[in-house]
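Here's the structure we're looking at; comments come further down.
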Number of protein chains: 2
Amino acid sequence: MTSAPFTEEAIIRLISRAVGPAGGELITGIGDDAAVIAAGQATWLVTTDLLVQGVHFNLDYTSGGDLGHRAMAANLSDLAAMGAVPRWGLLSLGLPPPPRRRFVQELIDGMLALGREHGLVLAGGDTTAAPVVTINLCLIGEAAGAGPVTRDGARPGDAVCVTGWLGAAAAGLAWLAAGRSAAGAPEVAAAHLRPQPRLAAGRALAHGGLVHAMMDVSDGIASDLARLAAAGQVGATVQAGRLPISAATSRAAGELGADPLAWALSGGEDFELLFTCDPADLPAITAAVAQAAGGLPVTRVGEITAGEGVRLIRADGRAVDITMAGFDHFKPGES
Amino acid sequence: MTSAPFTEEAIIRLISRAVGPAGGELITGIGDDAAVIAAGQATWLVTTDLLVQGVHFNLDYTSGGDLGHRAMAANLSDLAAMGAVPRWGLLSLGLPPPPRRRFVQELIDGMLALGREHGLVLAGGDTTAAPVVTINLCLIGEAAGAGPVTRDGARPGDAVCVTGWLGAAAAGLAWLAAGRSAAGAPEVAAAHLRPQPRLAAGRALAHGGLVHAMMDVSDGIASDLARLAAAGQVGATVQAGRLPISAATSRAAGELGADPLAWALSGGEDFELLFTCDPADLPAITAAVAQAAGGLPVTRVGEITAGEGVRLIRADGRAVDITMAGFDHFKPGES
């Protein structure tokens, strides 16, 4: 055990063990997109996300407004994955001295604009000096409709589905990191700089009560589906040919000589929703999402199996184990 | 306006303006120790604190266990200042790769040990790479008894009081930063490394309903009292000779050739409670705090006045304006 690499997953396991199981009013603790707290009549969803300059964003091609938007989007996405209504937020902001007024104003404006779109009110925070720009957002949401959908309910035979498109944010990041202009590939650049959290879709999915397990795709479907499968003590397969990769992502891959499939599997921060359901319910679910979220597509990309691990079925029919091939901040070779 | 230094206070003002006033279920928003949210039968207090290596702590003389304890103490102190019962916490942890297992284990153990003492359950979090150790804790508490005590209720003629001792944490920091051993001045070293949040005292103060305004002393009484006075649109005086400076703090000052009065006024992170009340209620309040918090003393250090600003009455009777002489992360000359 102690000689195994001390990865992000291992840190989360260490903390989970130290904390012990959820109980009492804490319905779901460490390990889901948000903690679930039942208090009186209400069910609260609470989530937190830390974004660090040089790790999560590069200010060479990310404006203050983009950064505020992205920080809010990443957190709202965790609430979307629980089918929640966003309510309150707390912002911690670390800035290298001296802080620049315009940058802070743009960051706050970008953050609040997206928050307000989704009904979120900033209720408090903390400000401090830091060696690099450091943003922590903690959001509180309220469960809507049939209650929060956790990630542990997948059953063998379930269809594995995603909203929207995969790999676009990674395409945008690769495009901008290569020094190219956002105007040259506006769709993928926007997917990276101004991602749209799927709150309406998440509530539609939770409301119908037909979804068995749900989470957001923040580290790539390979590792996120592995987490969903592990939480439900099941396995999963993904059909490479079914992954929803947009034409803009394919174009960017072509121009950069990159593999769009790798972006779709292991690229981070798409902030789409990953869920499982009975295949017979797919038409109703697809219609509900399209109606609630302005025509947002749902794509069936694979299925839940007995056993464990995630296998990718390639175009040639060969199956490859891709369990946890997504992003881990502390996995050797990643940074 | 734009040529004024862009300090921590200015950043908070910018964010407050962008957010707008509290309203609806948000009773108290940006600017108090914790946000106050009325939801159904319950009143929730929510607070967040960002601690950054090199800014808030130095790992040369702070162990993982000390750090976990301090991070939890700083946050619990914000709940203490509202008279709250701690309930749930969310931890964001940024670590330089590769993370060290023993350090993380000690940090979590130190954090959870103090949290459990006060009934707090860790409900979730986030882990990421970062250039320096970065800890954000967001805590949720529940209002107890007569409800939360905010910082804006001070009235002219009120006594200004503090619990415990001032300047001890700054003494401990100065002692350790000078390269001296914690064993040489255990009381002040512990005040810096293992501060005790005043939760029982805070609840006793809130419960009686006799306290008009309250906050915790995290940046030094000079700036914290200025914030309390400004929130209530009043002024305040502080008697230098009345500031509760422990013998251990005076001894450390003597050995280091430092001024203990400066530590008491402007040293950070004492995590004592600063409050105002009718002078006639002081005996009852003092007795209630002593009973609830194991003999913790309450010291009357000054009074609330009409007007604005904070004046220090020195031993020779001269009055000096000390408004905002405490710590600001972005004030020129501080870091």
Taking the range B:268-327, which residues are among the small types (Gly, Ala, Ser) and more than 21 Å from B:Ala231 (Cα to Cα)? B:Ala280, B:Ala284, B:Ala287, B:Ala288, B:Ala290, B:Ala292, B:Ala293, B:Gly294, B:Gly295, B:Ala315, B:Gly317, B:Ala319
With (1) over 30 Å from B:Ala178 (Cα atoms); (2) surrounded by fewer than 19 Cβ atoms within 10 Å (Cβ to Cβ) as the list, and B:Leu79 as the residue in question, which single condition is left unmet? (2)
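Residue-by-condition table, conditions (1) outside the structural domain of B:Ala84 (by TED's automatic domain parsing); (2) touching a residue at least 24 places away in the same chain (Cβ under 8 Å); (3) over 30 Å from A:Gly54 (Cβ atoms); (4) not hydroxyl-bearing (Ser, Thr, Tyr):
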| position | (1), (2), (3), (4) |
| --- | --- |
| B:Leu122 | no, yes, no, yes |
| B:Pro131 | no, yes, no, yes |
| B:Thr150 | yes, yes, yes, no |
| B:Trp165 | yes, yes, yes, yes |
| B:Ala177 | yes, yes, no, yes |
| B:Gly184 | yes, no, yes, yes |
| B:Glu187 | yes, yes, yes, yes |
| B:Met215 | yes, yes, yes, yes |
| B:Ser218 | yes, yes, no, no |
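Here's the yes/no breakdown for (1) acidic (Asp, Glu); (2) buried (at least 24 other Cβ atoms within 10 Å of the Cβ):
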| residue | (1), (2) |
| --- | --- |
| B:Pro5 | no, no |
| B:Leu14 | no, no |
| B:Gly20 | no, no |
| B:Gly23 | no, no |
| B:Gly29 | no, no |
| B:Leu50 | no, yes |
| B:His69 | no, yes |
| B:Glu106 | yes, no |
Report yes if A:Asp60 is among the acidic types (Asp, Glu) and under 22 Å from A:Pro197 (Cβ atoms), otherwise no. no
Does any residue in the range B:92-107 that is farther than 19 Å from B:Ala73 by Cβ and assigned by TED's automatic domain parsing to the domain that holds B:Ser63 come within less than 6 Å, Cβ to Cβ, of a residue that is in a strand (DSSP E or B) and not β-branched (Val, Ile, Thr) six or more places away or on a different chain, and which pairs are these? B:Gly94/A:Leu50; B:Pro97/B:Ala129
Just to be sure I understand the filter: pairs with C-beta atoms under 7 Å, separated by 6 or more residues or on different chains, first member in the range B:278-303 and within 12 Å of B:Cys161 (Cα to Cα), second member assigned to a helix (DSSP H, G or I) and not aliphatic (A, V, I, L, M). Which pairs pass? B:Ile285/B:Gly208; B:Val298/B:Thr286; B:Thr299/B:Arg242; B:Arg300/B:Arg242; B:Val301/B:Arg242
Looking at the structure I just gave you, is A:Ala84 surrounded by 24 or more Cβ atoms within 10 Å (Cβ to Cβ) and away from chain B (no Cβ under 11 Å)? yes
Among residues of the range A:39-66 being touching a strand residue (DSSP E or B) at 6+ places or on another chain (Cβ under 8 Å) and among the β-branched types (Val, Ile, Thr), the residue farthest from the other protein chains (Cβ to nearest Cβ) is A:Thr43
Restricting attention to strands (runs of 3 or more DSSP E) lying wholly within the range B:187-304, give those where 2 or more residues are of a type in the set (Gly, Ala, Ser). B:235-239
What is the residue count in the range A:228-247 for residues that are in contact with a helix residue (DSSP H, G or I) (Cβ under 9 Å, 6 or more places away or on another chain), surrounded by fewer than 24 Cβ atoms within 10 Å (Cβ to Cβ) and not β-branched (Val, Ile, Thr)? 6
Taking the range B:82-118, which residues are at pLDDT 95 or above and part of a loop (DSSP other than H, G, I, E, B)? B:Pro96, B:His118
Could you go through the range B:118-138 and let me know if any residue there is among the β-branched types (Val, Ile, Thr), surrounded by fewer than 24 Cβ atoms within 10 Å (Cβ to Cβ) and within 23 Å of A:Val121 (Cβ to Cβ). no
Just to verify a result, which residue in the range B:49-80, among those that are modelled with pLDDT under 95 and β-branched (Val, Ile, Thr), is nearest to the chain's Cα centre (by Cα)? B:Val55
Residue count, the range B:144-167 (criterion: assigned to a strand (DSSP E or B), crowded, with 24+ Cβ neighbours inside 10 Å and over 15 Å from the mean Cα position of the chain (by Cα)): 1
Tally the residues that are modelled with pLDDT under 95, closer than 12 Å to B:Thr237 by Cα and touching a helix residue (DSSP H, G or I) at 6+ places or on another chain (Cβ under 8 Å), restricting the search to the range B:265-312. 4
Filter result (of a type in the set (A, V, I, L, M, F, W, C), at the interface with another protein chain (Cβ under 7 Å from one of its Cβ atoms) and out of contact with any Leu (no Cβ under 8 Å at 6 or more places or on another chain)) within the range B:90-142: B:Val132
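The values are calculated or read from the model by the stated rules, or taken from the named source; none is laboratory data. Since this is a predicted model, take the numbers as computed values, not measurements. Neighbour counts run over all protein chains shown; Cβ positions are idealised from the backbone, glycine included.
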